[in-house]
Amino acid sequence: MIGKWNKSVILTYFGLLLSVLGIMLIFLEGEIKYVMICLILSGLCDLFDGTVARRCKRTKEEKEFGIQLDSLVDVTSFIALPLTLFASINKNWHVIPISIIYAVFATARLAYFNIKTADSEKRIKNYIGMPVTYAALIFPITYLLLYFLLKNLLGIIYSFVVLAVAILYILKIKVPKPSLISSIILIPVAIIVICMYLFVL
């Protein structure tokens, strides 16, 4: 069978499942809060899939497959899903150019990361440009804050945030890679945001 289906990539596939579910919920007119939760959970999967993979015994081919799979899943999780969500939140025409810019910049960011890490055996300490994974918390938190504080301006401000995030993807700025401890700290943050969506929104 084509592909790798062992435990080293199971979390990556699960993140993909959540992303596709989120997109489908939008088209099936599901509530935005459940779509946001799918985005957050897919971000957590991406945050820890590398840790899980490194703890598994892998061949060189399995390792290379995992790298490619992770990047391809990122396209669905942090480009397709956020943009579909963006279009459902704001139905004005300016969504189209902003979405194009976001898609191009995010894809360029992923490609740049791939070529910079493809042959590197060293542990990365800093990213260049903001990782697309950060969309998994930036957009849900932004939506929550705007919903409660500036609901009348939600669509406009959210559009500016999407554009700003896109620009941060390609800016040559150093972004520290989260350590395992800081990644674990993000779990309760994500849980709090999810609970806000479930019980407060």
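The values are calculated or read from the model by the stated rules, or taken from the named source; none is laboratory data. As the structure is a prediction and not an experimental result, all values here were calculated from the model. A quick note on method: Cβ atoms are made from the backbone with ideal geometry, for glycine too, and the neighbour counts reach across all protein chains shown.
Of note:
- Candidates 146, 150, filtered to the one that is in contact with a helix residue (DSSP H, G or I) (Cβ under 8 Å, 6 or more places away or on another chain), free of Cβ contacts under 8 Å to residues at least 12 places away in the same chain, surrounded by fewer than 20 Cβ atoms within 10 Å (Cβ to Cβ) and on the phi < 0 side of the Ramachandran plot: 150
- The range 7-64, residues that are over 19 Å from residue 75 (Cβ atoms) and not in a helix (DSSP H, G or I): 7, 8, 28, 29, 30, 31, 55, 56, 57, 58, 59
- Of all residues in the range 103-115, those that are within 20 Å of residue 64 (Cβ to Cβ) have Cβ atoms under 6 Å from Cβ atoms of residues that are at pLDDT 90 or above, 6 or more apart or on another chain, in 110/71; 110/74; 114/71.
- So residue 72, is it buried (at least 20 other Cβ atoms within 10 Å of the Cβ) and either under 13 Å from residue 15 (Cα atoms) or modelled with pLDDT under 90 (or both): no
Here is a yes/no grid of residues against (1) under 17 Å from the mean Cα position of the chain (by Cα); (2) within 26 Å of residue 80 (Cβ to Cβ); (3) not in a helix (DSSP H, G or I):
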position	(1), (2), (3)
164	yes, yes, no
167	yes, yes, no
181	no, no, no
188	no, no, no
193	yes, yes, no
196	no, yes, no
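- Matching entry among 78, 48 (being under 24 Å from residue 195 (Cβ atoms), within 15 Å of the chain's Cα centre (by Cα) and surrounded by fewer than 19 Cβ atoms within 10 Å (Cβ to Cβ)): 48
- Within the range 34-43, the presence of a residue that is more than 18 Å from the chain's Cα centre (by Cα), modelled with pLDDT of 85 or more and over 23 Å from residue 3 (Cβ atoms) is excluded.
- Residue in the range 133-143 that is free of Cβ contacts under 8 Å to residues at least 24 places away in the same chain, polar (S, T, N, Q), within 27 Å of residue 49 (Cβ to Cβ) and assigned to a helix (DSSP H, G or I) present: yes
- Filter result for residue 188 (farther than 20 Å from residue 95 by Cβ and modelled with pLDDT under 90): no
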